[in-house]
C-alpha cells in the first residue's frame, strides 16, 4: 500500500517552518512545536509531469523529504515512530506566495495557496531500507540546471519521529498518507 501512496493515500500533511533559516527568511518566529496544514492529494504529479502555474500567481518551491506512512497510527510514540514509516519520497511543496501572503493577513487557512492541482510534485516511492537515517538526507533542487535549493534534514527543527508523534496526536495517520517534513 505504501508503494502506491499516490493512489491510496487520503491526505498530505505538510509541516510548516521546520527549518529555522526558512522561518527567519519569511519573518516568522521559529515554532516551539510543529504546526501543519493539509494539501489535497489531487495536487500530486509524478516525475516528468509539468507544474501548472495559475495566472497571476507568484509561485515558490520548497524541496522536502516526504514520509510515506506504511500503516495506520494514532498517538504514535516517538520511540516507535519508525515502525509506522513505509518509506519515503522526494517532494516539492509549491506555494502561491502572493496568495499565501493575503490569506495569512486575513487569518485564513493556507489551502488556497498550497492546494492547486500540480502543486505537489513527488517522486516514486523509496523503500525505508534505502534511507538509513531520515535525519541526514541531502536535499537539493535544480531548475533548468540551476541549483535553487540545497540543504540537509539535519537542519530540521523537529525530526521525523517528533513530527509523526505530533500529527498523530491530532489526527490518525493512515497507510499511504504522506507527511511533508517542511522547509
The orientation-averaged projected area of the Cα convex hull of the chain, in nm², is 10.0
Expected sort for 48-60, 130-142 on mean C-beta neighbours within 10 Å, highest first, is 130-142, 48-60
Between the modelled labels at residue 130 and residue 80 (7 Å from Cα along Cα→Cβ) the distance in nm is 2.9
Percent relative contact order for the range 59-172, counting Cα pairs under 8 Å at least six residues apart, stands at 32
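Taking 0.36 nm per residue of separation and subtracting the Cα-Cα distance, what length does fully extending residue 112 through residue 97 add? Provide the component values of the computation, followed by the final result.
Details: separation 15, 0.36 × 15 = 5.40 nm, distance 1.04 nm.
4.4 nm is the gain from fully extending residue 112 to residue 97.
Over the range 1-116, what is the relative contact order in percent, taking alpha-carbon pairs closer than 8 angstrom and at least six residues apart? Spell out each step's value before the answer.
Details: 141 pairs, mean separation 29.3, N = 116.
Value for the range 1-116: 25 percent.
What is the extension gain from residue 140 to residue 25, computed as 0.36 nm multiplied by their sequence separation minus the C-alpha to C-alpha distance, in nm to one decimal?
On the way: separation 115, 0.36 × 115 = 41.40 nm, distance 1.79 nm.
Gain in length upon complete extension: 39.6 nm.
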Relative contact order of the range 1-60 (C-alpha contacts under 8 Å, at least 6 apart) in percent is 34
Expressed in nanometres to one decimal, the distance between label points 7 Å along Cα→Cβ at residue 50 and residue 152 is 3.8
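Quick note: the coordinates plus some simple rules give every number you see, no bench work behind them. None of the values given here were measured: they were computed from a predicted structure. Cβ atoms come from the backbone with ideal geometry, glycine included; neighbour counts cover every protein chain shown.
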